[in-house]
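Let me begin by presenting the structure, written as structure tokens, before commenting on it.
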Amino acid sequence: MQYDYIIIGAGMGGLSAANFLAKYNKRVLVLEKHNIPGGLVTSFSRKGVHFDLGIHGLYELKEGQAIPQFMEFWNAPQVEVEPLSGDLKCFIDGKEYDFEHGKVRESFLMQFPKNKDDVNNVFDMMETINSEMFSGTEAPEPPYDMNLLQLIKFGIRTKKQRPTFMKYGNKDAYKVLDSFTSSEDLKTAIYSKSPYPMVFMSFAYQWGVYGKNYYPLNGMQAIPDAAVEGLRRLGGELKLNTEVTDIMVKDGQAYGVKTQDGSEYHGAVISNASPQFTYEWMTDAAEKEKMIKAISKRKIFEPVAALFMSLDENKYDLNNLEGISILSKKDYRVSTEEYTPETAPIVINIYPKREGDKFRSLVALVPISYEYHNEWETEAGGNRGEKYKKLKKQVEEILLERIGKHMGRDFIDAVSYYELSTPVTYERYTYSKNGSFMGWSATQSEYGKYLKQRTDIKELYLVGQWVFPGFGVAGVMASGYYLAKEILKGEGIDLKKDFTEYFTSDRL
Ligand SMILES: Cc1cc2nc3c(=O)[nH]c(=O)nc-3n(C[C@H](O)[C@H](O)[C@H](O)COP(=O)(O)OP(=O)(O)OC[C@H]3O[C@@H](n4cnc5c(N)ncnc54)[C@H](O)[C@@H]3O)c2cc1C
């Protein structure tokens, strides 16, 4: 069957590209291997409890922000949201700290009385980075679309307009924290919001949007569901339970895909899976080898294991808690590869209670590497047999024990159901290499080195967290916008102009 574009994967990157192209009358087909769309933004049910795969809340769901704007441009239904309004609790080597919703700086000042100046300096710096990040942030051109002169001009302008962001934002978090305070507890408390090795702007962002995040009334699944409805309205097609096994390439050009059941679909190909898998599926052996080699040395953002738990609030009162972190003073300098279930930081996201829910849904995110215990004891052929199950059980017990030690036995007794998802599960589920949930590593030496949407193979494109402008739901939706912009440019269509005019004319 002939299409203009075949999109491998209904993650938010793939769905975004599909919607933008369908809006301009392209015949698009999205093929998704799973039985629901969304990739890393899906929800599922266990024992009558609703769980989300990992995302807790999103600032970009706010009216006027990227997600509702994209949805509106596509004519997709808007996602109904509620603000998150809970407090945070943090244990640093057993010592408890509490951060009140809407009063983050005050909470820090109260609990770090000896470091008041440090707290104020760090928060001033984070607030400035945030306001510089969000002010006048007209979407940048992909850097690879700029010529040298444009790049230099852009660099100078950015330095002038965003001096604090430029000074601290792209540095490793631990270096910035070290330069602001000698209090190990304070550094660790700031790191507790998102304990992964990353550039500092992520922490400024995390604390900046804490208290301003939104959650969809129907769970995270509402986001891809709305995008799919938008696609349907625009005449695009989605086939679920359809795994692509081959990308057909001839004379340096992609011309279609083959699926597991042997069907062929012809058209240009856009892959939402990670590039490592995408290149594997190419039928041209020489090109495949070359392209895999070119990215083989790049570092990937370390994944997480997720312990999904449901909690009976009749047995344990969560009060107004939205998150709990358990970590140790040295963690802000440790790289994920070094962690074990006994030592890794634990961040528990507590989801809002939904109407009719008997239990609260909690997800503990724990950075443990993909390679842990020989790739989690996966056997030949990727089989996850008895050894895998046994190891999973062990890790579950260790994590529950550690959580119980901090939150008390009552908390653990109130957990009615739990199950661990490992990085191997995340990889198997989405074909995101090593189960990465952010794409490439985001440390200072690697941050920002995204792949181009256009690959070296004609008519083979990439979309999602591995290409510009990178990870996150809004990020991957923007990657679909940039890809469509690039494709449509060839036909004289200016997507940026259309998109900008759509919103300015609407607001007049
Ligand atoms: C625990 C966790 C916490 C997170 N927290 C946040 C957060 O706070 N804020 C934020 O913005 N983002 C967060 N993210 C990250 C965000 O979810 C991802 O960056 C983003 O959703 C990735 O989207 P994507 O389109 O690149 O790919 P994916 O979501 O990985 O989608 C790829 C899709 O392609 C499909 N596919 C792959 N191969 C094939 C094939 N051969 N045939 C058919 N289909 C295929 C997969 O099944 C999948 O549906 C978090 C993610 C996790 C897991």
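Determine, yes or no, whether Tyr418 is more than 11 Å from the ligand (Cβ to nearest atom), at negative phi, in a strand (DSSP E or B) and buried (at least 22 other Cβ atoms within 10 Å of the Cβ).
no
Among residues of the stretch 444-475 being of a type in the set (Ser, Thr, Tyr) and assigned to a loop (DSSP other than H, G, I, E, B), the one that is farthest from Val30 (Cα to Cα) is Ser445.
Screening Ser263, Ser274 for residues that are at pLDDT 95 or above, over 29 Å from Tyr481 (Cβ atoms) and out of contact with any Pro (no Cβ under 7 Å at 6 or more places or on another chain) leaves exactly one candidate, Ser263. Screening the candidates Ser131, Ser107 for the property of being polar (S, T, N, Q), closer than 25 Å to Gln65 by Cα and assigned to a helix (DSSP H, G or I) yields one hit, Ser131.
Conditions tested, residue by residue: (1) in contact with an Asp or Glu (Cβ under 9 Å, 6 or more places away or on another chain); (2) modelled with pLDDT of 95 or more; (3) in the same structural domain as Lys62 (by TED's automatic domain parsing).
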{"position": "Leu149", "(1), (2), (3)": "no, no, no"}
{"position": "Ile156", "(1), (2), (3)": "no, no, no"}
{"position": "Pro163", "(1), (2), (3)": "yes, no, no"}
{"position": "Pro224", "(1), (2), (3)": "no, yes, yes"}
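Per the listing Ala442, Ala474, Ala484, Ala478, the residue uniquely over 19 Å from the mean Cα position of the chain (by Cα), closer than 27 Å to Lys62 by Cβ, within 16 Å of the ligand (Cβ to nearest atom) and at pLDDT 95 or above is Ala484. Across the stretch 15-46, the number of residues qualifying as buried (at least 24 other Cβ atoms within 10 Å of the Cβ), more than 6 Å from the ligand (Cβ to nearest atom) and of a type outside the set (A, V, I, L, M, F, W, C) comes to 5. When each of Ser335, Ser325, Ser296, Ser310 is tested for being surrounded by fewer than 17 Cβ atoms within 10 Å (Cβ to Cβ) and at pLDDT 95 or above, the lone residue that passes is Ser296.
Of all residues in the stretch 456-469, those satisfying the criterion of being in contact with a strand residue (DSSP E or B) (Cβ under 9 Å, 6 or more places away or on another chain) and surrounded by fewer than 22 Cβ atoms within 10 Å (Cβ to Cβ) are Ile457, Lys458, Glu459.
Taking the conditions exactly as written (within 16 Å of the ligand (Cβ to nearest atom), closer than 23 Å to Tyr214 by Cβ and of a type in the set (A, V, I, L, M)), does Val79 satisfy them or not? Yes: the conditions hold for Val79.
Filter the stretch 421-443 down to the residues that are in a strand (DSSP E or B) and of a type in the set (A, V, I, L, M, F, W, C), then identify the one that is nearest to Val199 (Cα to Cα). Break it down stepwise before answering.
Going through the stretch 421-443, the residues in a strand (DSSP E or B) turn out to be 421, 440, 442.
Still in the list and also of a type in the set (A, V, I, L, M, F, W, C): 440, 442.
Values: Trp440: 13, Ala442: 6 Å.
Among them, the one singled out is Ala442.
Against the definition (within 12 Å of the ligand (Cβ to nearest atom) and either polar (S, T, N, Q) or over 23 Å from the mean Cα position of the chain (by Cα) (or both)), how does Asp251 come out, yes or no?
Spelling it out, it is not the case that Asp251 is within 12 Å of the ligand (Cβ to nearest atom) and either polar (S, T, N, Q) or over 23 Å from the mean Cα position of the chain (by Cα) (or both).
Residues considered: Phe165, Phe112, Phe154, Phe134. Of these, the only one that is in contact (Cβ under 8 Å) with a residue 60 or more places away in the chain and either within 24 Å of Lys497 (Cα to Cα) or among the hydrophobic types (A, V, I, L, M, F, W, C) (or both) is Phe112.
Contact map, the stretch 425-442: first residue over 16 Å from Val476 (Cβ atoms), second residue buried (at least 22 other Cβ atoms within 10 Å of the Cβ) and β-branched (Val, Ile, Thr), Cβ cut-off under 7 Å, separation 6 or more or different chains; pairs are Gly435/Val424. The helices (runs of 4 or more DSSP H) located wholly in the stretch 169-210 that include 2 or more residues which are over 15 Å from the mean Cα position of the chain (by Cα) and of a type in the set (Phe, Trp, Tyr) occupy 173-180. Among the residues of the stretch 369-393, those that are within 27 Å of the chain's Cα centre (by Cα) and in a helix (DSSP H, G or I) comprise Tyr372, His373, Asn374, Glu375, Trp376, Glu377, Gly382, Tyr388, Lys389, Leu391, Lys392, Lys393.
Take Leu53 and decide whether it is closer than 18 Å to Pro224 by Cα and either in contact (Cβ under 8 Å) with a residue 24 or more places away in the chain or among the β-branched types (Val, Ile, Thr) (or both). Judged against the criteria, Leu53 is a match. Selection within the stretch 234-256: residues that are without any contact (Cβ under 8 Å) to a residue 40 or more places away in the chain and assigned to a strand (DSSP E or B). The member of this set that is surrounded by the fewest Cβ atoms within 10 Å (Cβ to Cβ) is Lys250. You will find that of Leu238, Leu307, Leu311, the residue that is away from the ligand (no atom under 14 Å from the Cβ) and of a type in the set (A, V, I, L, M, F, W, C) is Leu311 and no other. If you filter the stretch 421-433 down to residues that are within 12 Å of the ligand (Cβ to nearest atom) and not hydroxyl-bearing (Ser, Thr, Tyr), you find that the one that is farthest from Arg384 (Cα to Cα) is Lys433.
So is Ile67 closer than 19 Å to Gly464 by Cα and surrounded by fewer than 22 Cβ atoms within 10 Å (Cβ to Cβ) or not? It is false that Ile67 is closer than 19 Å to Gly464 by Cα and surrounded by fewer than 22 Cβ atoms within 10 Å (Cβ to Cβ). Cβ-Cβ contacts under 9 Å between residues 6 or more apart (or on different chains), taken from a first residue in the stretch 485-508 that is more than 18 Å from Gln69 (Cβ to Cβ) to a second residue that is loosely packed, with under 12 Cβ neighbours inside 10 Å and at pLDDT 95 or above, are absent.
The values are calculated or read from the model by the stated rules, or taken from the named source; none is laboratory data. Treat the numbers as computed from the prediction; the structure is a model and nothing was measured. Cβ sites come from the backbone with ideal geometry, for glycine too, and all protein chains shown count toward neighbours.
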